[in-house]
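Please treat every number below as a calculation from the coordinates, not as lab data. Note that the coordinates shown come from a computational prediction; the quantities given were computed from them, not determined experimentally. Glycine also receives a Cβ, built like all others from the backbone with ideal geometry; neighbour counts cover every protein chain displayed.
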Amino acid sequence: MKIYTKTGDKGKTSLFGGTRVPKYNLRIEAYGTVDELNSYIGLIRDQKIEEHTSNILLKIQHELFTLGSMLATPPEKKVLKSGKERLNINKINSKSIELLENEMDSMNKSLPTMTHFILPGGHTTVSYCHIARCICRRAERISTQLSDESSIEPQILVYLNRLSDYLFVLARKLTIDNNAQEIKWIPEKIL
């Protein structure tokens, strides 16, 4: 399979199902941002982290590919003429969301109570996690806008919302794992 097709040389690309759209299309922006998020999660996995966390992040990466495929399929192309679903894979569902929630609950048991907002940083791995969280929030905002303009599965928004929370909790856990310090944001008062 050739990597280059030359079909996008004039600024258009195909959605799943063949619909041609400009590369700045909101659907392209949504799944492109999910792809960017996936790359940062790979970067987190490349750091020195425990095996369990690495395995969860790998599962998340697979789910993000699924989520991107769901976003890349416009509503009018979801079903083939035969009546079968075009995207014949397991979709993001309540089990995907429950995994994130269970992982957060488990990590939170060992974390100190949060009393202030926390500034990103303290360790490279923690910073990567915060960057991924921010990209996830952007993917959520773009997907929300897409859902206002077109139909997307509601579990996409729930998953992205929960994933950004997971990445925040993971950043806190990785702070402790790496003997780093959480820096509280304490605003200066106007005198």
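Values as computed for the structure displayed
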{"quantity": "Between 0 and 90°, nearest 10: helix 94-108 axis offset from the chain longest Cα axis", "calculated": "10 degrees"}
{"quantity": "Percent of Cα pairs exceeding the 31 Å cut-off, where the set is the chain", "calculated": "27 percent"}
{"quantity": "Selected from H123, H62, H52 as most flexible by GNM, with the chain as the system and alpha-carbon contacts under 10 Å", "calculated": "H52"}
{"quantity": "Charge tally in the Cβ shell below 11 Å around D177, where Lys, Arg are +1 and Asp, Glu are -1, D177 excluded", "calculated": "+2"}
{"quantity": "Prolate/oblate/rounded call for segment 1-95, Cα gyration tensor, a/c under 1.5 rounded", "calculated": "oblate"}
{"quantity": "Order of R86, R162 under a 10 Å beta carbon neighbour criterion, fewest first", "calculated": "R86, R162"}
{"quantity": "Residues E36, E188, E103 arranged by fewest to most Cβ contacts within 10 Å", "calculated": "E188, E36, E103"}
{"quantity": "Residue-wise HN-Hα coupling along segment 55-63, computed from phi with Karplus coefficients 6.51, -1.76, 1.60 (Hz; x: Gly, Pro)", "calculated": "5, 5, 5, 5, 4, 4, 4, 4, 5"}
{"quantity": "Extension reserve of the T115-H52 stretch, reckoned as 0.36 nm per residue once the Cα distance is removed", "calculated": "19.9 nm"}
{"quantity": "Crossing angle, helix 124-149 versus the chain [Cα axis fit, 0-90 degrees, rounded to tens]", "calculated": "40 degrees"}
{"quantity": "Amide H within-cut-off set for V79, under 5 Å, with H built and near neighbours excluded", "calculated": "R86"}
{"quantity": "Relative contact order (%) - the chain, alpha-carbon pairs under 8 angstrom, separation at least six", "calculated": "26 percent"}
{"quantity": "Mean residue ellipticity (222 nm) of the chain, computed from DSSP H runs ≥ 4 via -39,500 (n - 2.57), nearest 500", "calculated": "-19500 deg cm²/dmol"}
{"quantity": "Crossing angle, helix 26-45 versus the chain [Cα axis fit, 0-90 degrees, rounded to tens]", "calculated": "40 degrees"}
{"quantity": "Karplus-derived 3J(HN,Hα), 6.51/-1.76/1.60, for each residue of segment 166-181, Hz, glycine and proline x", "calculated": "4, 5, 5, 5, 4, 4, 5, 5, 5, 4, 5, 4, 9, 6, 9, 10"}
{"quantity": "Whole-Å distance, taken between Cα centres, linking segment 123-185 and segment 62-78", "calculated": "20 Å"}
{"quantity": "Highest-MSF residue in the chain out of Y24, Y166, Y40 [GNM, Cα springs under 10 Å]", "calculated": "Y24"}
{"quantity": "Under-5 Å amide H pairs with G122, H placed in peptide plane, nonlocal only", "calculated": "none"}
{"quantity": "Cβ-based exposure ranking for I89, I97, in which fewest neighbours within 10 Å come first", "calculated": "I89, I97"}
{"quantity": "Built amide H within the under 5 Å cut-off of T13, gap 5+", "calculated": "V21, K23"}
